[in-house]
Each structure stands twice: as C-alpha cells, then as structure tokens.
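The values are calculated or read from the model by the stated rules, or taken from the named source; none is laboratory data. Computed from a prediction, not measured in an experiment: that's the story for all the values here. Quick reminder, even Gly has a Cβ in these numbers, built from the backbone with ideal geometry, and neighbours come from all protein chains shown.
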Amino acid sequence: MELLRNIAHPPGCEAAPGRAGGEGRRRKAEEPPHAHPAATAEVSRIITDPTTGKRYCRGKVLGKGGFAKCYEMTDLTTNKVYAAKIIPHSRVAKPHQREKIDKEIELHRMLNHRHVVQFYHYFEDRENIYILLEYCSRRSMAHILKARKVLTEPEVRYYLRQIVSGLKYLHEQEILHRDLKLGNFFINENMELKLGDFGLAARLEPLEHRRRTICGTPNYLSPEVLNKQGHGCESDIWALGCVMYTMLLGRPPFETTNLKETYRCIREARYSLPSSLLAPAKHLIASMLSKNPEDRPSLDEIIRHDFFLQGFTPDRLSASCCHTVPDFHLSSPAKNFFKKAAAALFGGKKDKARYFDTHNRLTKEDEEIYKLRHELKKTSITQQPHKHRTDEEIQPLVTTVAKPGALPETKQIGDSIRMIVRGTLGSCSSSSECLEDSTMGSVADTVARVLRGCLENMPEADSIPKEQLTASFQWVTKWVDYSNKYGFGYQLSDHTVGVLFNNGAHMSLLPDKKTVHYYAELGQCSVFSAAEAPEQFISQVTVLKYFSHYMEENLMDGGDLPSLTDVRRPRLYLLQWLKSDKALMMLFNDGTFQVNFYHDHTKIIICNQSEEYLLTYINEDRISTTFCLKTLLVSGCSLELKHRMEYALNMLLQRCN
C-alpha cells in the first residue's frame, strides 16, 4: 500500500534550517513559534479507535512538526499501513488552534484525486487526535532533491504534470493550497506524486474578502501575499514557478542569506536565470514568476507550454531516480540486441568478420544478428525513404467543423497541424509506385464523415453527457515509432502486437505469441507459426518479436479500458498512422480510429459496434468514458472533448487529402 513518509510542518511550526529547496522556515504570522509546552509522553504502541473499536499498531516516526508527529500505523485487522498524523490535545488546547485542525480535516477529507494524498479516517481518544492518511513509501520531493541536488528536464516535466493535475483539481474545488513546496509533494511506491499537507489550505474567496495573513514558506511566498493583498490561485502558480526553478537548479529563486533580503527580491520579482537552462524552461519559469498575478499563466496554459510540448516526458520513472540520475536510454538485453540489429540491418555493409570476438568465434547474439541481416538481404526488403516536406508544402485545411466565432481556438487548432512522419499499408520504396488500395480511402472517408456530422450538428454544452456506456473493444495501449529503422509498432488491448513496416507490409503477433498474421496489402492475409516462419519472413518476425519484447518491458498501458478478445470479430491491423507536432493518429482496417495527444496523454477512440458508432475519451488520469455518438449529437460535450474531436477530424482530413 502506498505510504506517506513525511508530513511537513503544520501551522505555527518552525522547521530546522538547511532542508533541500530552502524549505527550512515556515511562518504563520499570527502565531509565534515555540508557543507550546514541551512534547508529551510517547504515544501508546497499540491504539484503539473508541468509536469503531478498531486497533492499530504504531510504527516508526516518519516526520514531525510543531503540533504533530507522523507515524507509520498499521490496522491490525486488515494489515493496511497508513501514515498517521498524531496531534496531542495539549498542543491544540486553545480554541483557535483546534479550529485550524478541524478546518484541515474538513478540507482534506472531501478530496479524492490521483495526485492528492488520500484522507482515510480520523478519530480522537483522551490524549490525541489521529488523522490516517495515504502512506507514500518514497518520501517527498525534498528528500529526492536532497539526494540528487538537481533533476533533469524530463523528470521535471514528469513531476510537474502531476502537480498541475492535482492543483487543478484543488482549484476546481475552490481550494487554495497556500504552501506548495518540495516537502509537500509525496511520492508513492509507483513513483506517482501526491499533493499533501493541507494545514494552510483555505477556501478561495472573492478578492475583497480574501484574508491578508502572510502564511507559507518564505522562499515560496508571492509578492501579493507579502504585500497583504490576499492569496489567490495565482499565488499557487507563483509557488509552482519556485518549485520548477528549484527542481532544475537545486535552490529556490529568491534564496538569500537573510529573510529581509529574500522578501525584497520577491517583492521586486528579482532573480537570475542561468544560461544553463534551455529557452522553454526559462520562459515558463519567467511567466509563472511574473510580478503581476494577472500576467501569470493558468494551469492549462502551463501544460500547453513549449516546455512540455517540445520535450520528452517519461510515462513513468524508476525508483532509482530517487537517488541517481536516470538514463532514459538505459540498456536492457532486448534493447541492446535491438540497437545492434538496427546497425546490422540498416547501417550499411558489414563484413561477417566484424561479428567475431577476440577468439575468432561468433557470439551467440551476434550470430543471430548476422543471420537476421543475411535473411533480410535475401528478401530484398527496403526502407521507404522519408519525403522531407516544408511547412509551406502542407497546406492547412479549411473545414466547416465549427461555426465561425463559436470556438476561437478552432482555426488555430486546424492551422497548427504539422505532419512529422507517417506510414501506410501497401506503400513501397518508391512513392510513385504506391499500392494503396481505394478501400483504405473509403475507411478514412467514412470515419471522417461520421465525425464531421457529429461536430457540425451537436449542441454546445459545458460538460460530458451523463449517459455513458460500458463497452469492450480493441484499442492501442502502447506504441513505438521506430520508422527511422523498421517501422511503427503498437500493442492492442488484447496483447496483439503489430508492426507496419517501412516497406508497407504489416505483421501481427497474436496474443498466444505463437501465431503470425502477415498483410502485404489490404485483405491479403498469410497465417503461419512464429516458430516456423517461411524463409522470406524470418527477418520481419524477428523484428516483430523484439518490438513486442520492448513494449512489454518498457512501456505502460495508456488507459483503464477493459480488454476484448472476441474470435468472431475480424482481426485488427493498422492501415495508416500519422504524427503531427501535437498528436498521433492511427486508422485500422475495421474503421477504428484513435488519436493520442502528447501533451496531456489524453486519447480519443472511435469504433463501430453493431452498426453503432462509439466514442471513447481517455483523460489525463487514464480514466475512460464511452458514449454513443448519437448521445453526443443530442447532448453535446465539453469544450475540452470537442477541441480534441476537431483536431482529430483535421488530422483525418489531412490524411484524406
């Protein structure tokens, strides 16, 4: 179970100096530090909830602050482990002190989000108040930065996406965190980030009613908070800018030798951006640390910034990243073979002697690579050269998807599609000799017509329809673009693995990992055993197996949709894929159409089941929702989904053109 290793300091506490990220001091203006007597006696080992009778075993201390200590605590009935924030009644004896604890409990207990520390339960006995929280085994970002000193840009993108997701949820609930810092971002067993410590959290109030209290961690306070103008969503954005700066550079932007100078720098928004930072990172930090709150970006604008769109973001991080710099090109036996095979197959002429070791013997691995290259040469499979096109050659489409003026972003979305690379079933090494079947065009045209009809006729709405379906169908859970060497690989939800090779052929390895389907053109399928592949297919089967191995080892599923295995339905195989600068489009033989958006990992899937078109939307938290298109026609959908549908249609129309 996930663990909360460290609870940062509650209101009124002052931490020891020298913590990573300059988080040593936390100040609540109306309360002086050390306002309470010495700590009470040690908490009992076995604790009983007087209301439910449940018994818990207290474990080791995880963290401590001015009011509370945090312990591991195990439910003796279920063995579930919690992080228990234990607050002696003697520490909150005054009414206003107890009121703060009650407010923290009230705010936190209603929250439920993937990137917010889960509140489970609270109870009291004669000595203490007990708050049971999610237990995060990897401790906090402050611990990670203390060990690592600085983080890489891909890691920063990985963590910031999750912080933004959790913070957006809080703001949608009209809650301000007011103490965003590295020590309040907790990391669970799966390296997922959780926002925690709601000791200073407050309800969002209108500007004229906002509290003027200065509270938070000094290095992360915004100018408007220091100037007692009140704390708003923009103040949390400022703190997020400080967090990003600290992750990349190992120190907060306004850290100085004394608090007075720190506050002066904050009020003037005066800090340095080292030349070691890349331009997108500098620009995003500068925008979040704008002196005027109104000039700071929204959370949605942050995620759409070039810092995220133009850089690599890992789907997950290894636990080793807590203490060592990640190698995003880390070798595994399969990847080593993959690289060596790529060099052997497509790296020009290689003499067999190159593969011999110092004892004049072929290693087992290199013998396999040599044979693979030899077989490939016999089948005369050639790589399709990429046609380099300038942006001017790709004319933006003019569509009638949205009414003029109805959605100001629509034209921008349509105009911003820039094709990067694509692949098509039945294409060949010469672009003038394309074998593309007219059936492929009809599949694309049909899907485009259905999607366009839905967009043109559905009413405007603020949210997704309540009428949702539970449906099972095939969709792409993992993919890898290796078109610079072999082709485009993907894994379906039933664990079929397919590769659309650069020469236009398609090959699928079925879920049994024994049967191969080979398509040279639409509808022409050869079936054979992977272990006894015909001589002319041996090389491609080998590559197919390594695509399968690579995705199984290195990639994570892209959503929570159930898997479908229905032998009555025709096998899916990829007709065409297309990548733009913002999304990946995949079109399959049965009309299944999927678009994956890079910046937030959302996905749209359209499929036809029993003559009924279904649309599935997978959000940034990998949670799926499925509707009948006719439901959208009647009810409409949120702008978030509509914009993605419009972009998907434009990609499809680009393909049709």
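Couple of notes before you dig in:
- The range 514-535, subset in contact (Cβ under 8 Å) with a residue 60 or more places away in the chain and loosely packed, with under 14 Cβ neighbours inside 10 Å, residue nearest to Glu553 (Cα to Cα): Glu535
- For the range 237-261, filtering for residues that are assigned to a helix (DSSP H, G or I) and over 19 Å from Phe307 (Cα atoms) leaves 3.
- Subset of the range 316-330 (residues that are loosely packed, with under 15 Cβ neighbours inside 10 Å and either of a type in the set (Val, Ile, Thr) or touching a residue at least 40 places away in the same chain (Cβ under 8 Å) (or both)): Arg316, Ser318, Ala319, His323, Thr324, Val325, Phe328
- Within this structure, Thr470 fails the test of being buried (at least 17 other Cβ atoms within 10 Å of the Cβ), touching a residue at least 60 places away in the same chain (Cβ under 8 Å), assigned by TED's automatic domain parsing to the domain that holds Gly591 and out of contact with any helix residue (DSSP H, G or I) (no Cβ under 9 Å at 6 or more places or on another chain).
- Filter pass, Tyr519 being at pLDDT below 90 and either under 23 Å from Asn596 (Cα atoms) or outside any helix (DSSP H, G or I) (or both): yes
- Residue check for Thr313: crowded, with 16+ Cβ neighbours inside 10 Å, of a type in the set (Ser, Thr, Tyr), outside any helix (DSSP H, G or I) and in contact (Cβ under 8 Å) with a residue 40 or more places away in the chain: yes
- Residues satisfying the stated conditions in the range 481-513, i.e. under 18 Å from Cys525 (Cα atoms), touching a helix residue (DSSP H, G or I) at 6+ places or on another chain (Cβ under 8 Å) and surrounded by fewer than 20 Cβ atoms within 10 Å (Cβ to Cβ): Lys513
- Answer from Asp481, Asp494 - the residue that is part of a loop (DSSP other than H, G, I, E, B) and among the charged types (D, E, K, R): Asp494
- Any hit, the range 151-166, residues being more than 23 Å from His601 (Cβ to Cβ) and modelled with pLDDT under 95: no
- Selection from the range 609-650 of residues that are of a type in the set (A, V, I, L, M), under 18 Å from Phe597 (Cβ atoms) and either over 23 Å from the mean Cα position of the chain (by Cα) or in a strand (DSSP E or B) (or both): Leu615, Ile618, Leu649
- Considering residues of the range 190-207 that are touching a strand residue (DSSP E or B) at 6+ places or on another chain (Cβ under 7 Å), under 19 Å from Met141 (Cα atoms) and not hydrophobic (A, V, I, L, M, F, W, C) only, the residue modelled with the highest pLDDT: Lys194
- Total residues in the range 230-264, condition without any contact (Cβ under 8 Å) to a residue 12 or more places away in the chain and among the β-branched types (Val, Ile, Thr): 2
- Each residue in the range 450-478 was checked for being in a loop (DSSP other than H, G, I, E, B), touching a strand residue (DSSP E or B) at 6+ places or on another chain (Cβ under 7 Å) and of a type in the set (A, V, I, L, M, F, W, C), and 4 of them qualify.
- Candidates Leu277, Leu289: the one that is over 19 Å from the mean Cα position of the chain (by Cα), closer than 30 Å to Asn554 by Cβ and touching a residue at least 24 places away in the same chain (Cβ under 8 Å) is Leu277.
- Only one entry in Arg304, Arg267 is assigned by TED's automatic domain parsing to the domain that holds Gly250 and either in contact with a helix residue (DSSP H, G or I) (Cβ under 6 Å, 6 or more places away or on another chain) or not charged (D, E, K, R) (or both), namely Arg267.
- Residue within the range 129-138 that is surrounded by fewer than 21 Cβ atoms within 10 Å (Cβ to Cβ), within 23 Å of the chain's Cα centre (by Cα) and modelled with pLDDT under 95 present: yes
- Here Ile605 meets each of (1) assigned to a loop (DSSP other than H, G, I, E, B); (2) farther than 15 Å from Pro459 by Cα with one exception, condition (1).
- Within the range 599-608, the set of residues being over 21 Å from the mean Cα position of the chain (by Cα) and at positive phi is empty.
- Set Ala279, Ala286: member being out of contact with any Pro (no Cβ under 8 Å at 6 or more places or on another chain), in the same structural domain as Glu172 (by TED's automatic domain parsing), of a type in the set (A, V, I, L, M, F, W, C) and at pLDDT 95 or above: Ala286
- Single match in Tyr245, Tyr220 (criterion: modelled with pLDDT of 95 or more and either aromatic (Phe, Trp, Tyr) or surrounded by fewer than 24 Cβ atoms within 10 Å (Cβ to Cβ) (or both)): Tyr245
- Matching residues in the range 117-167 - criterion: being touching a Lys or Arg at 6+ places or on another chain (Cβ under 6 Å) and either of a type in the set (D, E, K, R) or part of a strand (DSSP E or B) (or both): Phe119, Ile131, Cys136, Arg139
- Some residue of the range 186-194 being closer than 25 Å to His323 by Cα, assigned to a helix (DSSP H, G or I), in the same structural domain as Ser276 (by TED's automatic domain parsing) and of a type in the set (A, V, I, L, M, F, W, C): no
- Counted residues, the range 87-104 - those being over 20 Å from Leu180 (Cβ atoms) and in a helix (DSSP H, G or I): 11
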